[in-house]
Amino acid sequence: MKRIIIAIDGHSSCGKGTLARQLALALGYKFIDSGAMYRAITLHLLNTGINPDDEQAVASVLPDIIIDFSANIETGRSDIWLNHKNVEKQIRTLKVADSVSQVARISAVRRYLVALQQKMGEEKGVVMDGRDIGTVVFPSAELKIFMTASPEVRAMRRFKELSDSGVVTSYDDVFANLKQRDLIDSNRKDSPLTMTGDYKLLDNSTISKQEQFEIAMNWVAETVR
Ligand code: CDP
């Protein structure tokens, strides 16, 4: 079967990663969480005391940052490593989420990560999720999916996910964070989140994980046919 690139873009916390992982597993593809890369850079800035609003300072530390993904044998998932340290858990805190969209507005950061992402997808057989995968990273991706859900549903899912993993937070804080990120991500100058005509829309407010997987697998079948 022809190996393709599947780009999944969409709003914050709408389950892009879940769908991307399901598809990658079913197809034997690589899954790449591009948001984790923006989060890892943000974590590095927070750890080193660099102001995420200071574009020049941020750009100057990019050469010090090494980002890798590596399989976690315990969970079977691919974890993100920042400068040789597994930071998969640390990048998911609300502290990182509160600054990440600010960092992701910086063109130097985007250029740096887009180049890495393009290299990771060069052999195809990749599912990558993010905000600009179908528009900037892989504009010629064979299948582009735009995911969304109502803000309340998204906030409740993310709140549950964080609580289940032991992160102390409140629904209201999660809701405020995702609204704020959607606003910044959709309105920034460089590579804003936008749905163009070549995306297939998937609103999963009222459908199950299994249903969304089946819809997407049908799109894959149509694409590789
Ligand atoms: O998991 P969630 O949908 O909440 O977010 P994420 O995919 O982890 O992405 C975190 C943030 O990184 C987003 O809110 C964007 O600001 C930024 N991002 C981006 O600008 N471009 C991407 N391709 C992926 C993420």
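The values are calculated or read from the model by the stated rules, or taken from the named source; none is laboratory data. Since the model is a prediction, treat every value here as computed from it, not as a measurement. All Cβ positions, glycine included, derive from the backbone under ideal geometry; neighbour counts span all protein chains shown. These area figures cover heavy atoms from the full protein model, side chains too; ligands, DNA and RNA do not enter into them. Shrake-Rupley method; radii C 1.70, N 1.55, O 1.52, S 1.80 Å.
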**Prompt:** Which FRET efficiency, nearest 0.05, do K124 and D173 yield, Cβ-Cβ r, R0 41 Å?
**Reply:** 0.55
**Prompt:** Can you give the accessible area per residue of the chain, in Å², using a 1.4 Å probe?
**Reply:** 49 Å²
**Prompt:** Carbon and sulfur atoms: what percent of the 1.4 Å accessible area of the chain do they account for?
**Reply:** 53 percent
**Item:** Estimated FRET transfer efficiency when R0 is 22 angstrom, pair A221-L94 (beta carbons, to 0.05)
**Value:** 0.05
**Item:** Interchain or long-range residues, amide H under 5 Å from K30's placed H
**Value:** V126, V127
**Item:** Residue order for V136, V224 - accessible surface, 1.4 angstrom probe, largest first
**Value:** V136, V224
**Request:** For every helix of n ≥ 4 consecutive DSSP H residues, a contribution of -39,500 (n - 2.57) applies; sum these over the chain, divide by its total residues, and give [θ] at 222 nm rounded to the nearest 500 deg cm²/dmol.
**Result:** -15000 deg cm²/dmol
**Request:** Provide the per-residue ³J(HN,Hα) series for the stretch 149-161, in order, calculated from phi with Karplus coefficients 6.51, -1.76, 1.60 and θ = phi - 60°, each as a whole number of Hz, with x at glycine and proline positions.
**Result:** 6, 5, x, 5, 5, 5, 5, 5, 5, 5, 4, 5, 4
**Item:** Charge dipole (debye, nearest 20) of the stretch 5-224; +1 at Cβ of Lys and Arg, -1 at Cβ of Asp and Glu
**Value:** 100 debye
**Request:** Could you pull out the pairs from K95/K200; K89/K179; K2/K119; K30/K179 whose alpha carbons sit more than 27 Å apart here?
**Result:** K95/K200; K30/K179
